[in-house]
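Visitor: Handing you this structure, nothing more for now.
The values are calculated or read from the model by the stated rules, or taken from the named source; none is laboratory data. Since this is a predicted model, take the numbers as computed values, not measurements. Please note: Cβ atoms are built from the backbone with ideal geometry, for glycine as well, and neighbour counts cover all protein chains shown.
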Amino acid sequence: MDLTFSVQDEAFRARFRAWLEEAMAEYKEVMRAGGGNPLEQSRVWQAKLYEAGYLGMAWPRAYGGQEASLTEQVIVSEELARAKAPGTINTIGLTIAGPTIVQHGTEAQKQRFLPKILTAEELWCQGFSEPGAGSDLPALRTRAELKDDHFVVNGQKVWTSGAFFSNWCALLVRTDPSAPKRKGITYLLCDMKSPGIEVRPLRNAGGGSHFCEVFFDDVKIPRENMVGELHGGWQIARSTLEHERSGLSGVIALEGNLERLWQLASTIQRGDHKAIDEVMVRHQLVQMWFEKEGLRYLGFRNLSAQISGSGAGVSGSLGKLVNSQLRQKMASLGLEIAGPLASVAKKSPHVLDRGRWQAGYFDALGYSIGGGTSEIMHNAIAEGVLGLPHSADQ
Ligand SMILES: Cc1cc2nc3c(=O)[nH]c(=O)nc-3n(C[C@H](O)[C@H](O)[C@H](O)COP(=O)(O)OP(=O)(O)OC[C@H]3O[C@@H](n4cnc5c(N)ncnc54)[C@H](O)[C@@H]3O)c2cc1C
């Protein structure tokens with residue numbers, strides 16, 4: 001395993017880093033001058049990245065992508081995280097729907113959808129989970145009947161992140177109820193403005209309304225919006241889930257969290273000493289640093305495997321599991337160090353770090369569920385790494 005980047009890669013990194021520094025300074029200036037609501041601000045940032053040629057790094061040039069090497073893709077993600085750059089708005093479009101269309105879409109779908117995902121002109125959500133079909137996704141029941149040149153969809157999705165602002169949805173539906181459950185599913189691209197769709201935001205434990213219930217009542221979707229074969233959606237969905245898991249490793253974001261945790265511990269006074277002076281606090285911080293470094297080397301191993309043409313295997317599940325556990329440990333330690341200040345409401349003038357530790361704690365819980373729960377990751381690792389027998393129906 002070679003852990004060094006080539007001279008060309010390092011030159012690319014230096015160019016991107018210089019561009020990023022300037023672009024972030026300009027962007028902050030626009031925001032200071034009152035540049036729109038948070039959604040608009042994220043669109044502006046995404047468009048800036050796209051115009052400079054640093055978005056859609058793996059996508060074909062013909063549809064607005066960069067066809068960059070794997071190492072360049074990694075360098076761009078690393079540098080964005082290191083600079084604490086603003087997030088892009090179209091996460092599901094960029095990491096799930098777009099890569100699925102690149103891999104399985106028709107020529108017309110690629111031309112129609114991919115450029116607008118990159119420019120954030122069209123935002124996407126993912127309509128997979130249902131009440132009764134989460135971990136056991138093949139049990140989904142939202143029904144689509146093919147009538148001439150369109151499908152008619154009836155049913156309900158749940159936990160659909162960002163459905164309330166999305167223009168399009170990557171949707172899984174049951175098209176053959178009589179077939180074995182993995183064989184009767186079809187993958188559709190659904191216009192969220194279609195008549196018959198109702199979106200109801202759900203309030204989460206942290207007080208946000210990020211995800212939604214989505215109801216479909218005789219919603220018409222043109223047949224040309226089907227991805228892959230009729231009843232062949234499960235294989236496509238599996239590749240979508242791989243995109244989701246492989247995009248969840250974010251070691252550098254963890255590094256930022258750890259840094260803030262260290263600063264917090266160095267600031268909080270406990271009696272006659274700072275929290276950082278306590279052995280148990282230092283011990284936990286160092287342990288987290290080791291785990292974060294372990295994740296970094298797992299990332300390098302995956303990268304080497306991908307470059308040499310052998311897939312990353314279950315490493316995506318391993319990375320997702322450890323990453324979500326580490327986020328939770330960091331969030332819990334943040335609350336513990338903050339002590340009584342952890343219970344101060346976000347709007348109070350006495351709140352610590354603008355409520356980051358409380359919000360982080362609730363967000364961290366979601367990471368161990370979204371994109372496949374920790375138990376499901378354990379199952380995948382048990383089967384793929386330890387060679388244990390297949391878990392019931394996963
Ligand atoms: C923040 C967040 C964002 C999300 N965004 C989206 C989205 O945009 N689109 C979308 O479609 N979905 C989304 N989801 C839904 C997510 O994919 C599901 O919540 C997840 O797959 C779990 O399904 P479930 O909630 O139905 O729980 P269940 O599958 O009912 O699981 C309940 C419990 O049983 C355990 N369990 C289930 N089966 C097994 C097994 N075989 N072995 C061991 N334990 C098992 C689970 O680990 C869990 O603890 C999101 C979820 C979260 C938290």
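Visitor: Could you tell me how many of the residues in region 125-157 are touching a Leu at 6+ places or on another chain (Cβ under 8 Å) and among the basic types (Lys, Arg)?
Guide: 1
Visitor: Pick out, from region 131-232, the strands (runs of 3 or more DSSP E) lying fully within it that include 3 or more residues that are closer than 30 Å to ALA345 by Cβ.
Guide: Counting at least 3 such residues, we get 150-161, 197-201, 211-222.
Visitor: Here is a follow-up. Mind listing just one residue for me: the one in region 76-104 that is among the small types (Gly, Ala, Ser) and more than 17 Å from HIS210 (Cβ to Cβ) and, of those, nearest to the ligand (Cβ to nearest atom)? Reasoning before the result, please.
Guide: Just the residues of region 76-104 that are among the small types (Gly, Ala, Ser), to begin with: 77, 81, 83, 85, 87, 93, 97-98.
After this cut, where a residue has to be more than 17 Å from HIS210 (Cβ to Cβ) as well, the list is 77, 81, 83, 85, 97-98.
Details: SER77: 20, ALA81: 20, ALA83: 25, ALA85: 22, ALA97: 11, GLY98: 15 Å.
Restricting to residues being among the small types (Gly, Ala, Ser) and more than 17 Å from HIS210 (Cβ to Cβ), the top hit is ALA97.
Visitor: If you don't mind, another one. Could you check, for region 145-155, whether at least one of its residues is in contact with a Ser or Thr (Cβ under 9 Å, 6 or more places away or on another chain) and within 16 Å of the ligand (Cβ to nearest atom)?
Guide: Checked region 145-155: at least one residue is in contact with a Ser or Thr (Cβ under 9 Å, 6 or more places away or on another chain) and within 16 Å of the ligand (Cβ to nearest atom).
Visitor: Next question, about the same structure. For region 368-383, give me each residue that is near the ligand (Cβ under 8 Å from one of its atoms), over 19 Å from SER239 (Cβ atoms) and in contact (Cβ under 8 Å) with a residue 60 or more places away in the chain.
Guide: THR373, GLU375
Visitor: Looking at this structure, is ALA68 closer than 19 Å to LEU114 by Cβ, in a loop (DSSP other than H, G, I, E, B) and hydrophobic (A, V, I, L, M, F, W, C)?
Guide: yes
Visitor: Could you list all residues from region 117-139 that are of a type in the set (Ser, Thr, Tyr) and within 6 Å of the ligand (Cβ to nearest atom)?
Guide: Our first condition is that a residue be of a type in the set (Ser, Thr, Tyr); within region 117-139, this holds for 119, 129, 135.
Passing the criteria: SER129, SER135.
Visitor: Does region 213-233 include one or more residues that are within 13 Å of the ligand (Cβ to nearest atom), surrounded by fewer than 18 Cβ atoms within 10 Å (Cβ to Cβ) and touching a residue at least 40 places away in the same chain (Cβ under 8 Å)?
Guide: yes
Visitor: Mind checking which pairs have a first residue in region 126-147 that is in the same structural domain as PHE216 (by TED's automatic domain parsing) and at positive phi and a second that is more than 7 Å from the ligand (Cβ to nearest atom) and at pLDDT 95 or above, Cβ under 8 Å, 6 or more apart or different chains?
Guide: GLY132/ALA139; GLY132/ARG141
Visitor: Now for a different question. Scan region 308-315 and give yes if some residue there is within 16 Å of the ligand (Cβ to nearest atom) and either at pLDDT below 85 or outside the structural domain of ASP136 (by TED's automatic domain parsing) (or both), otherwise no.
Guide: So the first thing to find is which residues in region 308-315 are within 16 Å of the ligand (Cβ to nearest atom), and the list is 314.
Within this subset, residues satisfying the condition of being either at pLDDT below 85 or outside the structural domain of ASP136 (by TED's automatic domain parsing) (or both) are 314.
Yes, some residue in region 308-315 is within 16 Å of the ligand (Cβ to nearest atom) and either at pLDDT below 85 or outside the structural domain of ASP136 (by TED's automatic domain parsing) (or both).
Visitor: Here's another thing I want to ask about it. If only one of ASP363, ASP353 is touching a residue at least 24 places away in the same chain (Cβ under 8 Å), away from the ligand (no atom under 16 Å from the Cβ) and not hydroxyl-bearing (Ser, Thr, Tyr), which one is it?
Guide: ASP353
Visitor: Check ARG260, ARG296, ARG301, ARG282 and return the single one that is in a helix (DSSP H, G or I), modelled with pLDDT of 95 or more and either more than 30 Å from PRO138 (Cβ to Cβ) or in contact with a strand residue (DSSP E or B) (Cβ under 7 Å, 6 or more places away or on another chain) (or both).
Guide: Just a single option satisfies the conditions, and that option is ARG282.
Visitor: Here's another thing I want to ask about it. Do you know which residues across region 156-176 are within 12 Å of the ligand (Cβ to nearest atom) and among the charged types (D, E, K, R)?
Guide: Passing the criteria: only LYS157.
Visitor: Additional query: With the requirement that a residue be modelled with pLDDT under 85, assigned to a helix (DSSP H, G or I) and over 24 Å from the mean Cα position of the chain (by Cα), what does region 1-49 give you?
Guide: Listed by number, the residues that qualify are VAL30, MET31, ARG32.
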